[in-house]
Amino acid sequence: MSKKYLLKLFVTGQTPRSTLAIENLRRICEEEFPNEYELIVIDILKRPQLAEDEKILATPTVIKELPPPIRRIIGDLSDKEKVLLGLDLVGQERRQK
Amino acid sequence: MKGKIKTSSARKGGLGKIPTGIAGFDEVLDGGVPKGRFMLVTGTTGAGKTVFLNEFLYRGITQLNENGVYVTFEENPKDIISNVRSFGWKYLSLIKKKKLAFVDAAPAEEMVLETGLQYDLSPLVKRIEYAIERVNAKRVVVDSIDALFSRFSNKDVVRAALYQISAKLKKSGVTALISAEKTEKEELSRYGVEEFVADGVIELGLAKGQQQFIRRIFVKKLRGMGYRSGIMEFEIEEDGLKVFPKIPVQRLLAKTDFQIRKTFGIEKLDELLDGGIPQGHVVMISGNTGIGKTILAMQFIIQGIKEGENAVFMAFEEPIDQVKKTALEHGWNFEQYEKQGKLAFIGTSLIDISNDKLLYKILTGVKRIGAKRVVIDSISTLMSATMNEEQTRQFLIQLCSIFKEQGITCLMNYLCGPSFGATRGQLLSNLATNEIRLSSIIDGIIMLLYVERGQSVKKMMNILKLRGSAHSKEIYRYEIEKGGIKVGGKYEE
């Protein structure tokens, strides 16, 4: 079953920074839209062609593919407000509450 | 080992070089750019940085068997591919053959927002590495450093990435060029990283000429490598860049051979010249308009071709087609000789032409067909069009020294003399001061002059000077007939 929210997180290797970004994003998703999201984590060291296809320059990068519009943010994702703003998910959050 | 790539071996314990493949530029760099190094290409907007990068890549792939990677932060690959097509460079087929790969880092359609400053550019580094592996690249170009910096607010992250990229490239033995914008007032280091990253700096610029902009190129720094200093000119032509390197003045260590004489095939004239012009001489033919300087020079060429010596004709006075027509009227088929590769014409716009550019054109023409005789028609056009006296002098010194070194015999036409006939006893006063001043450089002067006597104007000639020869000192009559110049008897008042 496809989820309402589809997020792709690009990281480089299994570094503390990567782990932190994954944890941060997962936490935000769980808090805001539990059970409604799918999070795909891509390690560009293992999938360089995907980095090329998606024109990824920096990690961590999050691409929100669903719901439209597509949004990209970079950073360690520790600031929840900025992450939601950047991904254009602020409205979604309010509608839920 | 691949035998195709010719790199000059390390000089004096220095580094190896690889040719850029850009016409004329490798001479400036004394062989090419340092192999496996990182060079910065800087210049103002429109100076030609992107074309330079593209040509470095394209020549490498197509002529030197060095595959390439293009990292773009500005234009997207589609636009680049379409832009270079105007030079006849077909990137799509190179991509298909896995000789060229793009790292498309041009701005994506959607904005990228920074939610903090904690990020790094390791994907960029990885993608470059990946592209190099994919096509087994030996050359990389990055356009441009400014576009990369403008994309991220954390400049330290960009600097760190540049260091990483530079280190990776060096490790894999790839030679790279990275472009950087230069504004008028700015000094080189804008981001505080360029000097550390780059082993050399090539600067491109635009200068205002009399009627058009002149493109300039200048090697600012090249760690541990020899190169020609000074500002060179270049042009962007239909098939890429042409750099006109300064040609060092050689010692007048000549291959002049007084025993070998170059004849005109004009019986009497060759006799007056003590058998012809010595090989390696530069001789000026001076005289007024319509007196036959061009015809005489053409006969010199025809005679050369008859004797198996190829020739270059520099046509500044009139269009090449017109030169050919004139020749044909005398029965000389220049068109045919040109097709057979025995004769080459060089006609060029003289607007804002420089010594270096002209010399370069002459020398490449001479080299192409292995010419032994050269005609410049005329030096006076050069002087009146653009060069001042000093430039002309410099130009002639360089030209003469090169020709002498290569044993090439050269005639240059020079327009001078009174507009009408000389009066009794004034024959020699026709010489303009310029001619006298230049005469220390040139080896000989054949003077053609009009003499007005009674109701008619006669043509006379005199060998005013010919180094190392027991030439005639007399004044002779001559006529221009169909088939060329016929020298008659001595002129007597």
Check on B:Ala105, at pLDDT 95 or above and in the same structural domain as B:Val193 (by TED's automatic domain parsing): no
What strands (runs of 3 or more DSSP E), lying completely within the stretch B:98-162, carry at least 1 residues that are over 26 Å from B:Val174 (Cα atoms), within 13 Å of chain A (Cβ to nearest Cβ) and among the β-branched types (Val, Ile, Thr)? B:112-114
Could you identify the single residue in A:Leu85, A:Leu39, A:Leu57 that is more than 10 Å from chain B (Cβ to nearest Cβ) and under 30 Å from B:Val125 (Cβ atoms)? A:Leu39
Run A:Arg72 past the list (1) more than 30 Å from B:Ser150 (Cβ to Cβ); (2) facing another protein chain (nearest Cβ under 9 Å) and report the number of the one that doesn't hold. (1)
Taking the stretch B:60-82 and keeping only residues that are in contact (Cβ under 8 Å) with a residue 60 or more places away in the chain and in a helix (DSSP H, G or I), one is left with B:Gly60, B:Ile61
Hey, B:Ser172 more than 14 Å from every other protein chain (Cβ to nearest Cβ), under 18 Å from B:Val71 (Cα atoms) and modelled with pLDDT under 90 or not: yes
Can you go through B:Thr50, B:Thr45 and tell me which one is of a type outside the set (A, V, I, L, M, F, W, C) and in a helix (DSSP H, G or I)? B:Thr50
Does A:Val83 satisfy being closer than 17 Å to A:Cys29 by Cβ and modelled with pLDDT of 90 or more? yes
Is there a residue being modelled with pLDDT of 85 or more, in the same structural domain as B:Val366 (by TED's automatic domain parsing), of a type in the set (Ser, Thr, Tyr) and surrounded by 18 or more Cβ atoms within 10 Å (Cβ to Cβ) anywhere in the stretch B:457-470? yes
Could you grab the pairs with beta carbons closer than 7 Å, sequence gap of 6+ or different chains, first residue in the stretch B:352-381 and assigned to a loop (DSSP other than H, G, I, E, B), second one at pLDDT 85 or above and among the polar types (S, T, N, Q)? B:Gly370/B:Asn310; B:Ala371/B:Asn310; B:Lys372/B:Asn310; B:Lys372/B:Thr409; B:Ser378/B:Asn413
How many residues are in a loop (DSSP other than H, G, I, E, B) and at the interface with chain B (Cβ under 8 Å from one of its Cβ atoms) when one looks only at the stretch A:42-54? 2
Report whether or not A:Asp79 is at the interface with chain B (Cβ under 9 Å from one of its Cβ atoms) and surrounded by fewer than 19 Cβ atoms within 10 Å (Cβ to Cβ). yes
May I ask you to verify whether B:Arg85 is assigned to a helix (DSSP H, G or I), surrounded by fewer than 17 Cβ atoms within 10 Å (Cβ to Cβ) and basic (Lys, Arg)? yes
Looking at the stretch A:23-36 only, could you name the residues that are surrounded by 14 or more Cβ atoms within 10 Å (Cβ to Cβ) and away from every other protein chain (no Cβ under 14 Å)? A:Arg26, A:Cys29, A:Glu32, A:Phe33
Total residues in the stretch A:60-69, condition more than 8 Å from chain B (Cβ to nearest Cβ), of a type outside the set (A, V, I, L, M, F, W, C) and buried (at least 16 other Cβ atoms within 10 Å of the Cβ): 1
Matching option when the condition is among the acidic types (Asp, Glu) and in a strand (DSSP E or B), among A:Glu81, A:Glu38: A:Glu38
Within the stretch A:7-16, identify whether any single residue is of a type in the set (Phe, Trp, Tyr), part of a strand (DSSP E or B), away from chain B (no Cβ under 14 Å) and in contact (Cβ under 8 Å) with a residue 40 or more places away in the chain, and answer yes or no. no
Hits in the stretch B:16-37 (condition: part of a strand (DSSP E or B) and either surrounded by 24 or more Cβ atoms within 10 Å (Cβ to Cβ) or free of Cβ contacts under 8 Å to residues at least 12 places away in the same chain (or both)): B:Lys17, B:Ile18, B:Val33
Sort out which residues of the stretch B:83-99 are without any contact (Cβ under 8 Å) to a residue 60 or more places away in the chain and on the phi > 0 side of the Ramachandran plot, and write them in order of number. B:Lys98
Working only within the stretch B:43-64, note down all residues that are crowded, with 24+ Cβ neighbours inside 10 Å and modelled with pLDDT under 90. none
Looking at the structure I just gave you, is A:Pro60 over 22 Å from B:Ser153 (Cα atoms) and either of a type outside the set (Lys, Arg) or over 14 Å from the mean Cα position of the chain (by Cα) (or both)? no
What residue, among those in the stretch B:383-395 that are aliphatic (A, V, I, L, M) and more than 14 Å from B:Asp356 (Cβ to Cβ), is modelled with the lowest pLDDT? B:Ala385
Regarding the stretch B:324-347, can at least one residue be identified that is of a type in the set (S, T, N, Q), buried (at least 21 other Cβ atoms within 10 Å of the Cβ) and under 26 Å from the mean Cα position of the chain (by Cα)? no
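The values are calculated or read from the model by the stated rules, or taken from the named source; none is laboratory data. This structure is a prediction, so every number in the text was calculated from the model and none was measured. Virtual Cβ from ideal backbone geometry, glycine too; neighbours counted across all protein chains shown.
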